[in-house]
Structure formats: structure tokens, C-alpha cells
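**Q** Supplied in C-alpha cells, the structure appears directly below.
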């Protein structure tokens, strides 16, 4: 099975300037994701970016480069458009048949290579055409306001509140990475197909970086849980 990692990393960032290459626990942020993919068993690792600086740094850590066109690099460009462009680039330049795409998020550095290995192993079973990384949640009750501003419970019935041990296990899509076959994303321009599976990760790996506070928190978690190992 040929599993290709495609990492999307735009140069522009509104919330945190140059966040993809900021120093995070001694390395550029993107380096952690590249190394996860390399050590996790991806057959090749590619970084797609509109930034030459990001691409040069990525190459130093073992990734191959794909220059992403400006028309799919803006704030409103979908991740799917970047993945499809990268798939076509790899297929036309390498001639290899891609069986699975591993699509990790740079701003979710709290993962281990074993999470990637687990995902590739599940994909190889042949039961699914798409996967998402997840964390199980307990005692996490969601509410939302309707158009009139009235609160309603979303994932449980507040009128019939069950004991925690009686509730079904729930999963949050943590955004750390996705996996899908090229056919799925090309056909529907969506990362999910008809047979969706999940890869469960530790709860503390669900946090991602969008702001300075997120950056500080994730650094603290990384130093506590991962760097000590």
C-alpha cells in the first residue's frame, strides 16, 4: 500500500504570523508534523505551500516540495483543492499510484508517530475509504441557541440526564489528521467518502494552535507529555 503524506502549509496567517515555521519546542512547527509522518511509516512526505521559505525549511526535515498556485492559496481556498492539486502533481511527476493520502494538520503538533502508524494500519485493513483522527470525550455536554436565543441541549436530553457510565462513548473530530483515498477527494471534493472510520488518540492530543495562547498551551503540553519521553 502506497501511503503518501500531503501537508498543507500556507504562508499567510491572520491569527499568528508565520505560525507554520515558528520555533516550537526547539524546531519549526512544521518539522514536528513532517517527522511524525516520516517515522510513522508514510512512503513519502510532501509539503504543499505558496511560500518558498516554508518549502525550503520543510525540505531540510525530509519533505518533498510542491509549489501551490496562488489561486488555491487564499483565505477562502479549501483544503480539498490543495490536496487534489498535490495528488495530481505527485501522480504526474512520479507516476506512482497513490493508494491512500495522509493529510495531517501542522497546527496540531500534539501527536506521536504511533498515531500515524495506527492510522496506516487501519487503512490497510480495507474496511474504509476515509478516516479521521479523534479523541473520546466524557461529560462534555453541548448547548446551542436557536434563532430566538433559547438554549437547547445538543448531544443529550437535559430532561433525562443519564449517568456518565450509561452514556454511549462519543468522539470529537480533533483535526490532527485525515486519511482518504485519492478517488474519494477527487470525486466529491470532500475528505470523507461512504465508508468512514476513526483513529482514536489520547484526549490531550486534541488541542491545536490558532493564537498565541494556544501556542503557549500546546508548548506546555508538549514539554510535559512528549519531550520527557
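Read-outs throughout are calculated quantities, based only on the coordinates presented, and are distinct from any laboratory measurement. Because the structure is a prediction, the values reported are computed rather than measured. So basically every Cβ, Gly included, is an ideal-geometry build from the backbone, and we count neighbours across all protein chains shown.
**Q** Sort through 184, 101, 154 and tell me the only one that's over 25 Å from residue 28 (Cβ atoms), crowded, with 20+ Cβ neighbours inside 10 Å and in contact with a strand residue (DSSP E or B) (Cβ under 6 Å, 6 or more places away or on another chain). Before you say what the answer is, go through the steps one by one.
**A** On the way: 101 fails: over 25 Å from residue 28 (Cβ atoms); 154 fails: crowded, with 20+ Cβ neighbours inside 10 Å.
Residue meeting the stated conditions: 184.
**Q** In region 1-21, how many residues are in contact with a strand residue (DSSP E or B) (Cβ under 7 Å, 6 or more places away or on another chain) and within 19 Å of residue 220 (Cβ to Cβ)? Spell out the reasoning first.
**A** Within region 1-21, the subset in contact with a strand residue (DSSP E or B) (Cβ under 7 Å, 6 or more places away or on another chain) is 1, 3-11, 21.
Now narrow it down to the ones that are within 19 Å of residue 220 (Cβ to Cβ): none.
Qualifying residue count, region 1-21: 0.
**Q** Only residues that are out of contact with any strand residue (DSSP E or B) (no Cβ under 7 Å at 6 or more places or on another chain) and touching a residue at least 60 places away in the same chain (Cβ under 8 Å): list them for region 78-90, please.
**A** Correct list: 78, 80, 81, 84.
**Q** Just to verify a result, which residue in region 23-65, among those that are touching a residue at least 60 places away in the same chain (Cβ under 8 Å), over 26 Å from residue 99 (Cβ atoms) and within 18 Å of the chain's Cα centre (by Cα), is surrounded by the most Cβ atoms within 10 Å (Cβ to Cβ)?
**A** 29
**Q** For residues that are more than 15 Å from the chain's Cα centre (by Cα) and either touching a residue at least 12 places away in the same chain (Cβ under 8 Å) or in a loop (DSSP other than H, G, I, E, B) (or both), scanning just region 162-180, find the one that is nearest to residue 3 (Cα to Cα).
**A** First, the residues of region 162-180 that are more than 15 Å from the chain's Cα centre (by Cα): 162-171.
Remaining after also requiring either touching a residue at least 12 places away in the same chain (Cβ under 8 Å) or in a loop (DSSP other than H, G, I, E, B) (or both): 162-164, 167-171.
On the way: 162: 42, 163: 42, 164: 39, 167: 36, 168: 33, 169: 30, 170: 28, 171: 25 Å.
It comes out as 171.
**Q** Among the residues of region 57-107, write down those that are in contact with a helix residue (DSSP H, G or I) (Cβ under 8 Å, 6 or more places away or on another chain) and in a strand (DSSP E or B).
**A** Once the filter is applied, which keeps residues that are in contact with a helix residue (DSSP H, G or I) (Cβ under 8 Å, 6 or more places away or on another chain) and in a strand (DSSP E or B), region 57-107 yields 65, 66, 67, 100, 101, 102, 103, 104.
**Q** Restricting to region 1-22, name every residue that is over 14 Å from the mean Cα position of the chain (by Cα) and assigned to a loop (DSSP other than H, G, I, E, B).
**A** 1, 2, 10, 11, 12, 13, 14, 15, 16, 17, 18, 22
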